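Participant: Take this structure first; my questions come after.
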Amino acid sequence: METCFTYHEGRLHGEGVALPEIARHVGTPLYCYSASMLENAYKAFSEAFSSVPHMICYAMKANSNQAVLKLLASHGSGMDIVSAGELQRALVAGVRGEQIVFSGVGKTREEIANALDAGILCFNVELEAELLILSELAQAKGLVAPVAIRVNPDVDARTHEKISTGGFKDKFGVPISRAQELYKLAASLPFLEVRGIAMHIGSQITELGPFETAVSRLVDLVHVLRSDGHCLRHIDVGGGLGVSYCEEMQVPFPLPLEDYARMIMRLTSGLGLGLILEPGRLIVAHSGLLLTRVIHSKQGEKKTFIIVDAAMNDLIRPTLYGAYHAIKPVCEVPDSLPWLIADVVGGICESGDFFALDRRVPSLSSGDLVAVMTAGAYGAVQASTYNTRPLIPEVLVRGSCFQVVRPRETCEAIIARDIVPDWLT
């Protein structure tokens, strides 16, 4: 994918803005997103499916900043949500209820009621009890709840075990062997309308094989359900297409997207069903980076450590998943100058607080800026205030302009959330 983070006159830029200028005005660490890259990724995905009726419901768990949602909504994107909070975020961003699908295995009664009131497109149901609650709450409100059964097709997505969701050992979806049974129940319950069938087998999938197997099984099930008398309107194939975090992964873009789209359209052609797709990471990952500043370079007995002012509470993916993120110096360094092998780490009191291990990096000094690349997905949304470290700003760039789209939190605000009992004052 063509990037908008490039070097100009020796400094890394986000579109037309030099990253040191953003750091000077906002401070570090911070997240920086490119509006153009967000738009280009969304358009590329939509255009890949332009020959068939489809709806893109962006998986907003990847990045739920209101500016990101508003930008995608302005191009017609719907939203895939997994909580009442995400529902509220989507509605505030201007997404209509009929553009929202609600996934997730742990929907509460209150969350279901809120989504019914919002008139969402569909509930992707993941267990029998959820059907019963939907029917009860819809009846109490005098509404009809639109449902699809999320089927677990038992496919090995060949991705990280913590982001695999389509195998029989995973908590998600209904075993494909029980799908007919649940569709029969859904059709028998009052105030429910069966609208479709759904799946999602995982995230950061870099091969088409698992998708093809899963969609083929879903299509076979569609024919069975139709023979049972069910009238389906759409097929939701989820998301999960991976991105390249490093050159070694060899996941070029947009070619896999085109291959993926052709495969999906080939398998679902002739069904007469609308297609729902739930990309998340693919839309936002490349559009963002984490900008951080070197505090110290420390020489240990056997290792060199580059200590930066960001930490695992800001970007937990390397710690949580062993994920790779490319790390670039903001001021371009020629290969002729000294480079070294070092761990790039934060200041949190955890040995797991790192961004890179045994990585070849330039000889960095205190005050130097570095960019942790491909951090637009599952970065800020997974951040925490561990060690009472405030949540960091998010910045959106467009052309030669930038704007803070989430301000830096303060320690005072974190502390103020605590309530001290009267008997301790």
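Participant: Specify which of the listed residues (A356, A371) is touching a Leu at 6+ places or on another chain (Cβ under 7 Å), more than 16 Å from V68 (Cβ to Cβ), modelled with pLDDT of 95 or more and not in a loop (DSSP other than H, G, I, E, B).
Facilitator: Residue meeting the stated conditions: A371.
Participant: Condition first: crowded, with 23+ Cβ neighbours inside 10 Å and in contact with an Asp or Glu (Cβ under 8 Å, 6 or more places away or on another chain). Now tell me which residues in segment 353-382 satisfy that.
Facilitator: Those that are crowded, with 23+ Cβ neighbours inside 10 Å and in contact with an Asp or Glu (Cβ under 8 Å, 6 or more places away or on another chain): G379, A380.
Participant: So which residues in segment 29-49 are over 17 Å from the mean Cα position of the chain (by Cα) and either crowded, with 24+ Cβ neighbours inside 10 Å or within 30 Å of R293 (Cα to Cα) (or both)?
Facilitator: Scanning segment 29-49 gives P29, L30, S36.
Participant: Is it the case, given these coordinates, that V125 is under 20 Å from the mean Cα position of the chain (by Cα), modelled with pLDDT of 95 or more and within 29 Å of M263 (Cβ to Cβ)?
Facilitator: Here the answer is no, as V125 does not meet what is asked.
Participant: Taking Y42 as the residue in question, decide whether it is assigned to a helix (DSSP H, G or I) and at pLDDT 95 or above.
Facilitator: yes
Participant: Just a yes or no: is a residue in segment 305-313 in contact with a His (Cβ under 6 Å, 6 or more places away or on another chain) and of a type in the set (A, V, I, L, M, F, W, C)?
Facilitator: Yes: segment 305-313 contains one or more residues that are in contact with a His (Cβ under 6 Å, 6 or more places away or on another chain) and of a type in the set (A, V, I, L, M, F, W, C).
Participant: Let me ask you something else. For the structure I just gave you, tell me whether E47 is out of contact with any Ser or Thr (no Cβ under 6 Å at 6 or more places or on another chain) and free of Cβ contacts under 8 Å to residues at least 24 places away in the same chain.
Facilitator: It is true that E47 is out of contact with any Ser or Thr (no Cβ under 6 Å at 6 or more places or on another chain) and free of Cβ contacts under 8 Å to residues at least 24 places away in the same chain.
Participant: Filtering segment 116-148 down to residues that are part of a helix (DSSP H, G or I) and touching a Lys or Arg at 6+ places or on another chain (Cβ under 8 Å), which residue is surrounded by the fewest Cβ atoms within 10 Å (Cβ to Cβ)?
Facilitator: The extreme case among them is D117.
Participant: Moving on. What's the number of the condition F211 fails, among (1) over 16 Å from C122 (Cβ atoms); (2) assigned to a helix (DSSP H, G or I); (3) at pLDDT 95 or above?
Facilitator: In the conditions (1) over 16 Å from C122 (Cβ atoms); (2) assigned to a helix (DSSP H, G or I); (3) at pLDDT 95 or above, F211 misses (3) alone.
Participant: Can you name the number of the only condition in (1) assigned to a loop (DSSP other than H, G, I, E, B); (2) free of Cβ contacts under 8 Å to residues at least 12 places away in the same chain; (3) among the charged types (D, E, K, R) that E412 fails?
Facilitator: If we test E412 against (1) assigned to a loop (DSSP other than H, G, I, E, B); (2) free of Cβ contacts under 8 Å to residues at least 12 places away in the same chain; (3) among the charged types (D, E, K, R), just (1) comes out false.
Participant: If you go through segment 367-403 one residue at a time, how many are touching a helix residue (DSSP H, G or I) at 6+ places or on another chain (Cβ under 7 Å) and β-branched (V, I, T)?
Facilitator: Selection size over segment 367-403: 6.
Participant: Here are some conditions: (1) touching a strand residue (DSSP E or B) at 6+ places or on another chain (Cβ under 9 Å); (2) surrounded by 13 or more Cβ atoms within 10 Å (Cβ to Cβ). E350 meets all but one. Which one does it not meet?
Facilitator: (1)
Participant: Before we move on, is L218 of a type in the set (A, V, I, L, M), buried (at least 16 other Cβ atoms within 10 Å of the Cβ) and either within 17 Å of P153 (Cβ to Cβ) or touching a Phe, Trp or Tyr at 6+ places or on another chain (Cβ under 7 Å) (or both)?
Facilitator: yes
Participant: Right, here's the next one. Across segment 139-166, what is the number of residues that are modelled with pLDDT of 80 or more and of a type in the set (S, T, N, Q)?
Facilitator: Selection size over segment 139-166: 2.
Participant: Same structure, new question: Among the residues of segment 318-326, is there at least one that is crowded, with 24+ Cβ neighbours inside 10 Å and either hydroxyl-bearing (S, T, Y) or over 19 Å from the mean Cα position of the chain (by Cα) (or both)?
Facilitator: No: segment 318-326 contains no residue that is crowded, with 24+ Cβ neighbours inside 10 Å and either hydroxyl-bearing (S, T, Y) or over 19 Å from the mean Cα position of the chain (by Cα) (or both).
Participant: Still on this structure, I have one more. Assess whether L320 counts as being closer than 22 Å to S203 by Cα, hydrophobic (A, V, I, L, M, F, W, C) and in contact with a Leu (Cβ under 9 Å, 6 or more places away or on another chain).
Facilitator: So L320 does not fit the description; no.
Participant: Looking at segment 326-384, which of its residues are among the aromatic types (F, W, Y) and under 22 Å from P20 (Cβ atoms)?
Facilitator: Selection gives W339, F355.
Participant: Of the residues R24, R11, only one is at pLDDT 95 or above, more than 15 Å from N124 (Cα to Cα) and in contact with a Pro (Cβ under 7 Å, 6 or more places away or on another chain); which?
Facilitator: R11
Participant: Sticking with this one: Quick one: what pairs do we get from segment 202-216, first residue farther than 14 Å from G238 by Cβ, second part of a helix (DSSP H, G or I) and modelled with pLDDT under 90, C-beta under 7 Å, 6+ apart or different chains?
Facilitator: These pairs meet every condition: T206/M249.
Participant: Quickly run through segment 348-397 and pick out the residues that are among the charged types (D, E, K, R) and touching a Gly at 6+ places or on another chain (Cβ under 6 Å).
Facilitator: D353
Participant: Another one. From (1) more than 24 Å from G196 (Cα to Cα); (2) of a type outside the set (S, T, Y); (3) modelled with pLDDT under 95, pick out the condition that doesn't hold for G104.
Facilitator: (1)
Participant: Another one. Which ones in segment 1-24 are assigned to a loop (DSSP other than H, G, I, E, B) and within 10 Å of C331 (Cα to Cα)?
Facilitator: Hits for segment 1-24 are E9, G10.
The values are calculated or read from the model by the stated rules, or taken from the named source; none is laboratory data. Please read all numbers here as calculations on a predicted model, not as lab measurements. Methodologically, a virtual Cβ is constructed for each residue, glycine included, from the backbone with ideal geometry; neighbour enumeration extends over all protein chains shown.
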